[in-house]
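The values are calculated or read from the model by the stated rules, or taken from the named source; none is laboratory data. Given the structure is predicted, the values throughout are model-derived calculations rather than measurements. A quick note on method: Cβ atoms are made from the backbone with ideal geometry, for glycine too, and the neighbour counts reach across all protein chains shown.
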Amino acid sequence: MNSHKKLKVALIGAGGWGRQHARIFQAHEGVDFCAVVGRSPDRTMKRAGEFGVRAYTDIAQMLDREQPDLVSLCLPNREHFEPTLQVIRAGVPLLVEKPLVYTLQEADLLLNEASRRGLFFAINFNHRYAKPVELAVKAIEEGKLGEMTLASWRFGGKGVCDHPYTNLIATQCHGLDMLEYLGGPIESVMAEMTDKTGGGFRTLSLSLRFASGAVGSLLGTNDSSYAYPDTHRMELDGTKGRVVIHDTVKRFVYHPAESELGEVWEAGYFNDRDRAFHRTFDTHFDALLQAFRAGERPPVPAEAGYRALLLAEAAIRSFEQGVRVTVNG
């Protein structure tokens, strides 16, 4: 598209995180935010009125009347498939929230339908755009870690499970994506999970082996609290040094091998953008818009959502069968 023309964007979803989509689209100088689609007329009218856009309760009607350049979908976890497929079959480029869907069969259909149409199809794994993660990428690219030996992820809070494996598929998909983003392809997985508190397998532990020969772990729980300090921690160990990421956006720490002196990044007093988790989405959308205008692939394509689901399904098979599972694909 013309690099000077505003991108006409519509949002499907009037919920809490959908408000972050709306905030970004309304404020972005390169976007003409045109509409919100929701299921509840009252809630949708309220959200649309908040941002001065038109309200719809029918996706097809919105697509026909608005003719958006891009549609962003932010819906409840279990309700992604049908609306996403509808937008794809209408031939409209799209950004979706995680998880992509809950089954590989549905994921395959979405990706194949989008590929047939040559559509721009992105997913919002916004953890990749946290400042500590960007610093970790830089450290890896500069060889400051050497050969990776260990990659671990721990993330725990309070959550409601509407599916036995919601925590793994819908929350820890961020961890599965980040472990491969920073540590490379995962080759096999062994899983333990518990439904001790009821409501599904809310707490889980994965033992991982990477294609590089490194090993790793993922610990995830919905039986904890986001109020706890260090509710998220990611560690990358290598032959030349170690990186630790605290609470996604809070702190980055690097130590060279055998050194008690290291490097620390934390957001400065006036650096509100880098200290705020939701602002990682702002940074991702800037990169997405640049790629869209240039006719390039999304910076985080929907295939990343498929890969996270593939790893999750391998973990589920491992747990249910009590065996280590090799990840295919």
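Side notes on the structure shown:
- PHE81 being in the same structural domain as PHE25 (by TED's automatic domain parsing), of a type in the set (A, V, I, L, M, F, W, C) and within 27 Å of ASP272 (Cα to Cα): no
- Odd one out for LEU204 among (1) over 19 Å from LEU309 (Cβ atoms); (2) hydrophobic (A, V, I, L, M, F, W, C); (3) part of a strand (DSSP E or B): (1)
- Any hit, the range 212-219, residues being at pLDDT 95 or above, surrounded by 19 or more Cβ atoms within 10 Å (Cβ to Cβ) and under 30 Å from GLY199 (Cβ atoms): yes
- When the residues of the range 127-148 are filtered to those that are among the β-branched types (Val, Ile, Thr) and farther than 11 Å from GLY241 by Cβ, the one that is surrounded by the most Cβ atoms within 10 Å (Cβ to Cβ) is VAL133.
- When each of GLY146, GLY159 is tested for being small (Gly, Ala, Ser) and under 25 Å from ASP223 (Cβ atoms), the lone residue that passes is GLY159.
- Any hit, the range 100-109, residues being more than 15 Å from TYR306 (Cα to Cα) and either assigned to a helix (DSSP H, G or I) or touching a residue at least 12 places away in the same chain (Cβ under 8 Å) (or both): no
- Residue in the range 306-328 that is more than 20 Å from the chain's Cα centre (by Cα) and modelled with pLDDT under 95 present: yes
- Filtered residue count, the range 133-186, keeping only those that are among the charged types (D, E, K, R), out of contact with any His (no Cβ under 8 Å at 6 or more places or on another chain) and not in a helix (DSSP H, G or I): 5
- All positions within the range 24-34 that are of a type in the set (D, E, K, R) and without any contact (Cβ under 8 Å) to a residue 24 or more places away in the chain: GLU29
- Qualifying positions in the range 151-210 - of a type in the set (Lys, Arg) and closer than 19 Å to PRO99 by Cβ: LYS158, ARG202
- Look at the range 163-180: where a residue is farther than 18 Å from VAL243 by Cβ and a partner is part of a helix (DSSP H, G or I) and at pLDDT below 95, sitting 6+ places away or on another chain with Cβ atoms under 6 Å, you get ALA170/ASN77.
- The lone criterion from (1) surrounded by 18 or more Cβ atoms within 10 Å (Cβ to Cβ); (2) in contact with a Leu (Cβ under 9 Å, 6 or more places away or on another chain) left unmet by ALA90 is number (1).
- Residue under evaluation ARG128, criteria (1) farther than 30 Å from VAL9 by Cβ; (2) in contact (Cβ under 8 Å) with a residue 24 or more places away in the chain; (3) in a helix (DSSP H, G or I); (4) among the basic types (Lys, Arg), criterion not met: (1)
- Checklist (1) under 22 Å from the mean Cα position of the chain (by Cα); (2) surrounded by 15 or more Cβ atoms within 10 Å (Cβ to Cβ); (3) without any contact (Cβ under 8 Å) to a residue 60 or more places away in the chain applied to PHE201, failing item: (3)
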